[in-house]
Amino acid sequence: MMKISTLNKYLSEFDIPLAIVGVLENPKEDPIIYDEQGKLWKIIQETVELGDFKGKKGDLTVVYSKGQIGPKRILLVGLGKAEKITLESIREVLGNASRKARDLDVKKVGICVDIFNRGDFTVSELSEALVQGIALGSFQDIEYRTKDLEKYKFIEELILFSPDYSIDEMKSGADSGQTISEAVNLCRKLAWGPANFITPTRLAEEAKKLEEHGVKTTIINRKEAEEIGLGSYLAVAKGTEEPPKFIIMDYGSEKQDVETVALIGKAITFDSGGISIKPGQNMEKMKADMTGGAVVIGAMNAVAKLGLDLHVVAIVPATDNMPSGKAYHPGDIIKSYSGQTIEVINTDAEGRMVLADALTYAAKHYQPKAMFDFATLTGAMMIALGEHAIGYFSNHDFVVEKLENASKTSGERIWRMPLWEVYDQQLKSDVADMKHTGGRPAGSITAARFLSKFTMEVPWAHLDIAGAMEQSSDKDYNPKGSKGPGVRLIVDLLRNWKA
Ligand code: BES
Ligand code: MN
Ligand code: ZN
């Protein structure tokens, strides 16, 4: 974990191995750089005049200060055109810069906050964005490696400098930036961890760790789940020897006069497809089919550490989906927790089965003001939106408005998909209340329509993160691997709940 601190000092006077400096496109016209008491300009002048650094968004160049100022190296990062700079673009360029700094093997990095204040930003939101860019962009998980460990570098300390900004404001932004980044990185680590390590039991342990932050956890085992009738969830768990865990995390239940929000995360710790088994190619990716659960566990970490003034309940139905002599079959009719019966068509459509019971459980026991579920639910979502956006479905405008606002502040792209009733035709069953799949056309929509039958009229949104779960190659603050999709989005939504 990176140490992060804030200082009311001039970075230029501080002895540090590397300083990160943001520069506009056409650096000669950048008043901040040109001014900087002439010192900074002197150091970078040649690099700029030779045309080696143009300040285009994402440009990165290292220059050496040769003892003229405190920092030994300056990592110039291009900010692009002044009018296009946003908190999101700052996170993006800092994300790229963080990997450059990390790989130079500097343990300590300084950033002058003033130099990045190129818009209508408060000191605290700017500090938060800077920290997020660095902490998210430099994430790497080497837990499962044993060889050449010295090849993997880590930034150990980040210091935010400003000679005159309020230290309290810088610190509050740095703290929330760190808390939220750690939540995203925890999600990424769990999501990308292999199925033989990241089991339902391990997820339950991660949830239990939240008790030190005052979160109450309840873990429902197979036997208790049978007793209370979580039939749809248990149908999926039937085929596996790995003990399933229906995980409940409850934050803020002791608070008076606060609203309740429920989060639900699909946690199929490995999705083989079950009896309707998947082809071997890319099957290893299904270790990440518990990303939704990891999103919710990550988000609960941030909610608890930020001490939000809300009651937040999170439910993570966790199990492997495996073929075996005990596995559920296509054609089975399952009685869900809601009492409705479901005809199983394809055992690979297991995510909606476990979510159905989790949604009903949340609605019935907590009567939340709103529910949000996160799920790597359909391959069709990857086809629709690719990896750059989360597709979501909602039955209520007030939930939509909250999500759209959170998308703006977090920078996480979301896109509303239709939830029209007419798609229910595809879910008609000859033998039960409904089928759980509707064939290939509109596969993401019919999945969402199926879920909507289990929400008991609670305002709700379903976020299908199957496309957005993975970053295919290093990009901005997302290194290759799990993106931790939706963690920053939902944390922003919750911390701005009353706004
Ligand atoms: N976990 C998968 C969806 C998925 C596929 C996520 C690829 C990420 C990448 C889900 O359980 C699944 O198998 N869905 C099926 C549903 C179908 C059988 C109706 C799908 O999308 O093919
Ligand atoms: Mn599946
Ligand atoms: Zn799945």
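The values are calculated or read from the model by the stated rules, or taken from the named source; none is laboratory data. None of the values given here were measured: they were computed from a predicted structure. Glycine also receives a Cβ, built like all others from the backbone with ideal geometry; neighbour counts cover every protein chain displayed. Please note that ligands, DNA and RNA were not included when accessible areas were found on the heavy atoms of the full protein model with its side chains. Shrake-Rupley method; radii C 1.70, N 1.55, O 1.52, S 1.80 Å.
Looking at the range 251-265, can you tell me whether even one residue there is in contact with a Gly (Cβ under 9 Å, 6 or more places away or on another chain), aromatic (Phe, Trp, Tyr), within 27 Å of Gly193 (Cβ to Cβ) and open to solvent by 10 Å² or more (accessible area, probe 1.4 Å)? Yes, the range 251-265 has at least one match.
When the range 19-35 is filtered for residues that are more than 37 Å from the chain's Cα centre (by Cα) and under 20 Å from Pro71 (Cβ atoms), the ones remaining, listed by number, are Tyr34, Asp35.
Here the condition is being in the same structural domain as Pro194 (by TED's automatic domain parsing), of a type in the set (Lys, Arg), within 15 Å of ligand 1 (Cβ to nearest atom) and farther than 20 Å from Tyr361 by Cβ; of Lys305, Lys278, Lys326, it holds for Lys278 alone. In the range 284-298, the residues that are over 9 Å from Phe270 (Cα atoms) form Cβ pairs under 6 Å with partners that are among the charged types (D, E, K, R), at six or more places apart or across chains, as follows: Gly292/Lys266; Ile297/Glu206.
Right, Ile383: within 13 Å of ligand 1 (Cβ to nearest atom), open to solvent by less than 10 Å² (accessible area, probe 1.4 Å) and under 22 Å from Ile268 (Cα atoms) or not? For Ile383, the condition - within 13 Å of ligand 1 (Cβ to nearest atom), open to solvent by less than 10 Å² (accessible area, probe 1.4 Å) and under 22 Å from Ile268 (Cα atoms) - is not met. Of the residues making up the range 407-423, not a single one is under 24 Å from the mean Cα position of the chain (by Cα) and closer than 21 Å to Ser276 by Cβ.
Tell me whether the range 404-414 contains one or more residues that are open to solvent by less than 10 Å² (accessible area, probe 1.4 Å) and more than 16 Å from ligand 3 (Cβ to nearest atom). The answer is yes, given that some residue of the range 404-414 is open to solvent by less than 10 Å² (accessible area, probe 1.4 Å) and more than 16 Å from ligand 3 (Cβ to nearest atom).
Does Asp35 count as over 19 Å from Ala97 (Cβ atoms) and at pLDDT 95 or above? In short, no.
For the range 286-366, the strands (runs of 3 or more DSSP E) that sit wholly inside it and include 3 or more residues that are within 16 Å of ligand 3 (Cβ to nearest atom), open to solvent by less than 10 Å² (accessible area, probe 1.4 Å) and within 27 Å of Ala195 (Cα to Cα) are 311-321.
The condition of being within 30 Å of Ile90 (Cα to Cα) and surrounded by fewer than 21 Cβ atoms within 10 Å (Cβ to Cβ) holds for only one of Ser429, Ser473, that being Ser473. Of all the criteria given as (1) within 18 Å of Ile90 (Cα to Cα); (2) more than 21 Å from the chain's Cα centre (by Cα), the one not satisfied by Gln178 is (2). If the condition is being of a type in the set (A, V, I, L, M, F, W, C), closer than 20 Å to Ile43 by Cα and surrounded by fewer than 20 Cβ atoms within 10 Å (Cβ to Cβ), then the range 62-105 contributes Val62, Val63, Leu104. Each residue in the range 1-40 was checked for being of a type in the set (Asp, Glu) and surrounded by fewer than 17 Cβ atoms within 10 Å (Cβ to Cβ), and 4 of them qualify.
For the range 128-154, the set of residues classified as part of a helix (DSSP H, G or I) and either in contact (Cβ under 8 Å) with a residue 24 or more places away in the chain or not assigned by TED's automatic domain parsing to the domain that holds Ile90 (or both) consists of Glu128, Ala129, Leu130, Val131, Gln132, Gly133, Ile134, Ala135, Leu136, Gly137, listed by residue number. Would you check if Arg118 is buried (at least 20 other Cβ atoms within 10 Å of the Cβ), among the basic types (Lys, Arg) and part of a helix (DSSP H, G or I)? Considered against the rule, which asks whether it is buried (at least 20 other Cβ atoms within 10 Å of the Cβ), among the basic types (Lys, Arg) and part of a helix (DSSP H, G or I), Arg118 comes out as no.
Look at (1) under 20 Å from the mean Cα position of the chain (by Cα); (2) under 30 Å from Gly331 (Cβ atoms); (3) assigned to a loop (DSSP other than H, G, I, E, B) and you find that Pro194 fails only one, number (2). Checked against the criterion of being away from ligand 1 (no atom under 16 Å from the Cβ) and within 28 Å of Ser338 (Cβ to Cβ), the candidates Glu254, Glu211, Glu226 yield just one match: Glu226. Residue pairs whose Cβ atoms lie under 8 Å apart, separated by 6 or more positions or on different chains, with the first residue in the range 321-335 and at negative phi and the second among the aromatic types (Phe, Trp, Tyr), are Asn321/Phe270; Met322/Phe270; Ile334/Tyr328. The residue that is farthest from Ala314 (Cα to Cα), among those in the range 241-283 that are of a type in the set (Ser, Thr, Tyr) and within 16 Å of ligand 3 (Cβ to nearest atom), is Ser276.
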